[in-house]
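Notes follow the structure.
The values are calculated or read from the model by the stated rules, or taken from the named source; none is laboratory data. Everything numeric here is computed off the predicted structure, so don't read it as measured data. In this analysis, Cβ positions are derived from the backbone assuming ideal geometry, glycine residues included, and neighbour counts consider all displayed protein chains.
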Amino acid sequence: MAILDIFADERFRSLLLDYTQTAIIMAVLSFLLAFVLGNLIAAARVSPVPVLQRFAVAYTSIFRNTPLLVLAVLFWVGGGRAGWPFGRLTTAILVLGLYTGAYIAESLRSGINSVPPGQAEAARAIGLPFSGVVGTIVLPQAIRTVIPPLGNLWIANLKNSSVFLVIGINELTRAGRNIGQAINDFVSAFLAVAIVYLVLVYGSAQIIKLLERRLEIAR
Amino acid sequence: MSSVLTEELGPLGRKRVRIATIVAIAVIVAFFAWLGRRLYLEGQFEGRLWEQFADGDSLRFLGEGLLGTIRAALMAIVIAAVLGLFLALGRLSELAPVRIVCGLIVDLFRGPPVLLWIFFSFFALPQILPGDLGVAIGRNPLIALVIGLSAYNMAVLAEIYRAGILSLDRGQREAAFAVGMPRGMAMRLVILPQALRRMIPAILAQLATLTKDTSLGYIISVPADLAGRGRRLAQFGTTNDLQTWFVVGVVYFVLIWGLMRLARLLETRQRRSLGAGGMDVGGAEADLAGLAAQADARSGT
């Protein structure tokens with residue numbers, strides 16, 4: 001069976017659509033969670049409170065240096081022994097959000113640090129309060145430099161959602177395995193899935209580029 | 001740590017920081033106390049669930065798994081580094097067809113998640129490779145894991161190489177041409193030696209990411225690496241999954257943290273010796289598209 005036949009087949013098309021939908025839902029919700037978490041952790045990281053700084057460093061270090069698969073199994077299988085209260089999809093979204101949140105915190109921090117210190121100093125010199133310094137001077141400049149790395153993290157997040165087939169989520173990569181088994185042709189099945197991923201990934205990349213151009217600082 | 005936002009605090013600020021410190025400590029302690037109590041009530045701290053990890057045989061079993069993980073990661077990074085270099089040179093070739101084909105290969109392999117290529121190697125390759133080779137892959141998931149990791153990472157490394165080559169001052173190339181070197185020779189003797197040295201931190205950071213991804217072998221039941229050994233250990237112990245994966249996680253963390261640390265160290269050392277010329281280790285995979293975009297901008301395409 002050729003690759004295009006998979007897309008032509010009613011059964012496989014609806015399976016692909018269904019599993020793609022799950023992957024996208026997982027990616028969107030976990031990214032939203034990661035964004036909120038990332039902001040909190042980054043705020044803790046740049047705050048003048050030493051305890052919060054250390055907590056932020058520990059958080060990013062732990063979640064960036066542990067394999068996602070191990071986190072997924074630790075929470076689902078290990079947590080399952082200790083009264084972990086959530087279902088599969090919720091667990092996947094939570095773990096992926098915790099993981100990507102650490103990366104978002106790091107890029108937000110480097111975005112904030114990329115704003116020249118003179119900007120904040122000038123804002124303080126004209127008497128702006130801390131909220132004014134952050135809200136009207138530093139953040140608007142930082143957000144622009146942070147869009148491309150955040151876009152890349154969105155794509156990485158989408159790709160990482162594939163790992164959660166290990167806890168039994170029916171997502172896109174699993175669709176490849178199921179279709180391959182059904183037609184006994186794994187080559188076509190996985191290439192068909194690869195095409196779906198390519199569309200999602202490079203489609204996202206185009207949107208990010210557009211966004212970037214829109215928000216670019218005119219120099 | 002200095003940041004744009006911090007300045008010397010006055011008495012009021014110092015007082016606020018003290019209050020925030022107390023509140024933060026209270027919240028963090030409360031969270032861990034709550035977590036610890038729940039785990040205690042579930043009986044997760046009982047000695048019998050942990051005693052396995054005080055036993056030499058289990059530790060040796062995990063230690064061998066660690067070696068298996070390192071071996072798989074090293075094999076994959078070497079294969080990926082060599083193939084990636086050829087792809088990067090192909091993308092910078094003067095011949096348009098070579099450039100286009102190499103660009104398509106890079107985009108194809110870098111787009112989908114690495115797990116897809118691991119699955120492809122494990123399930124699809126045995127169906128298309130002739131006889132013995134296919135059988136060998138089907139029978140030994142470790143080979144499939146290394147092939148899958150190599151395929152994905154060669155494309156990622158190709159982008160790192162390309163960014164590194166293009167980040168080099170164009171005067172180097174022009175000078176090589178000016179003394180009469182042909183293209184290939186200039187690349188081999190002048191550009192690559194300098195570019196490769198700059199890329200070492202970025203390649204190391206990618207090795208750390210790749211090492212993380214070796215754990216995906218768990219899904220195709222690779223027996224000999226850390227994750228696979230963890231699975232078997234948890235099966236022996238019947239109910240100590242949480243403890244096993246905690247220990248396995250800590251071992252992975254130490255290994256990957258060490259690699260990232262080394263990459264950062266080399267990066268800062270290079271920054272100092274090269275001025276601003278070094279390559280950003282950053283979030284490795286995450287910053288790659290940025291690196292490539294920078295490279296594109298510099299090459300003016």
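Conditions tested, residue by residue: (1) charged (D, E, K, R); (2) closer than 23 Å to A:Ser114 by Cβ; (3) touching a residue at least 40 places away in the same chain (Cβ under 8 Å); (4) buried (at least 22 other Cβ atoms within 10 Å of the Cβ).
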site: A:Leu128; (1), (2), (3), (4): no, yes, no, no
site: A:Ser131; (1), (2), (3), (4): no, yes, no, no
site: A:Thr136; (1), (2), (3), (4): no, yes, no, no
site: A:Pro140; (1), (2), (3), (4): no, yes, no, no
site: A:Gly151; (1), (2), (3), (4): no, yes, yes, no
site: A:Asn157; (1), (2), (3), (4): no, yes, yes, yes
site: A:Ser162; (1), (2), (3), (4): no, no, yes, yes
site: A:Val166; (1), (2), (3), (4): no, no, yes, no
site: A:Ile169; (1), (2), (3), (4): no, no, yes, yes
Total residues in the stretch A:106-132, condition modelled with pLDDT of 85 or more and over 30 Å from A:Gln206 (Cβ atoms): 13
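Residues to consider are A:Val163, A:Val115; find the one that is at the interface with chain B (Cβ under 7 Å from one of its Cβ atoms) and not in a helix (DSSP H, G or I). Don't jump to the end; show me each part of the working.
Numbers: A:Val163 fails: not in a helix (DSSP H, G or I).
Being at the interface with chain B (Cβ under 7 Å from one of its Cβ atoms) and not in a helix (DSSP H, G or I) holds for just one of A:Val163, A:Val115, which is A:Val115.
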When residues of the stretch A:180-219 are limited to those that are farther than 17 Å from A:Ser162 by Cβ and in contact with a Lys or Arg (Cβ under 9 Å, 6 or more places away or on another chain), the one modelled with the lowest pLDDT: A:Ile217
- request: Could you give me the residue pairs with C-beta distances under 6 Å whose first residue belongs to the stretch A:47-69 and is within 17 Å of A:Ser110 (Cβ to Cβ), whose second residue is β-branched (Val, Ile, Thr) and assigned to a helix (DSSP H, G or I) wherever it lies, and which are 6+ apart or on separate chains?
  value: A:Ala56/A:Ile41; A:Tyr59/A:Ile41
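Residue under question is A:Ala105, and the condition is that it be within 15 Å of the chain's Cα centre (by Cα) and within 18 Å of A:Arg174 (Cβ to Cβ); does it hold?
No; evaluated as a whole, the condition is false for this residue.
Taking the condition of being among the small types (Gly, Ala, Ser), within 30 Å of B:Gln172 (Cβ to Cβ) and within 13 Å of chain A (Cβ to nearest Cβ), how many residues in the stretch B:194-225 meet it?
Residues of the stretch B:194-225 that are among the small types (Gly, Ala, Ser), as a first pass: B:195, B:202, B:205, B:208, B:215, B:217, B:221, B:224.
Retained after the next criterion (residues that are within 30 Å of B:Gln172 (Cβ to Cβ)): B:195, B:202, B:205, B:208.
Adding the requirement that they be within 13 Å of chain A (Cβ to nearest Cβ) leaves B:205, B:208.
Residues flagged as among the small types (Gly, Ala, Ser), within 30 Å of B:Gln172 (Cβ to Cβ) and within 13 Å of chain A (Cβ to nearest Cβ) within the stretch B:194-225 amount to 2.
Scan the stretch A:186-202 for residues that are buried (at least 19 other Cβ atoms within 10 Å of the Cβ) and within 7 Å of chain B (Cβ to nearest Cβ) and jot them down. Walk me through it before giving the result.
Initial filter on the stretch A:186-202 (buried (at least 19 other Cβ atoms within 10 Å of the Cβ)): A:186, A:188-194, A:196-197, A:200-201.
Those that are buried (at least 19 other Cβ atoms within 10 Å of the Cβ) and within 7 Å of chain B (Cβ to nearest Cβ): A:Phe186, A:Phe190, A:Val193, A:Ala194, A:Tyr197, A:Val201.
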- request: Write out, first by first residue and then by second, each pair whose Cβ atoms fall under 8 Å of each other, whose residues are 6+ apart or on separate chains, and whose first residue, in the stretch B:77-102, is crowded, with 21+ Cβ neighbours inside 10 Å while the second is of a type in the set (Asp, Glu).
  value: B:Ala88/B:Glu159
So B:Leu9, is it under 25 Å from A:Arg124 (Cβ atoms) and within 9 Å of chain A (Cβ to nearest Cβ): yes
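Condition check ((1) in contact with a Phe, Trp or Tyr (Cβ under 8 Å, 6 or more places away or on another chain); (2) part of a helix (DSSP H, G or I); (3) more than 7 Å from every other protein chain (Cβ to nearest Cβ)) across all residues:
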{"residue": "A:Ala58", "(1), (2), (3)": "no, yes, yes"}
{"residue": "A:Val77", "(1), (2), (3)": "yes, yes, no"}
{"residue": "A:Phe86", "(1), (2), (3)": "no, no, yes"}
{"residue": "A:Ala102", "(1), (2), (3)": "yes, yes, yes"}
query: Taking B:Arg71 and the conditions (1) under 30 Å from B:Leu210 (Cβ atoms); (2) touching a Lys or Arg at 6+ places or on another chain (Cβ under 9 Å), which numbered condition does it fall short on, given that it satisfies the others?
result: (2)
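Conditions (1) assigned to a helix (DSSP H, G or I); (2) within 20 Å of the chain's Cα centre (by Cα), marked per residue:
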position: A:Pro140; (1), (2): yes, no
position: A:Gly151; (1), (2): yes, yes
position: A:Lys159; (1), (2): yes, yes
position: A:Asn170; (1), (2): no, yes
position: A:Arg177; (1), (2): yes, no
position: A:Gly180; (1), (2): yes, no
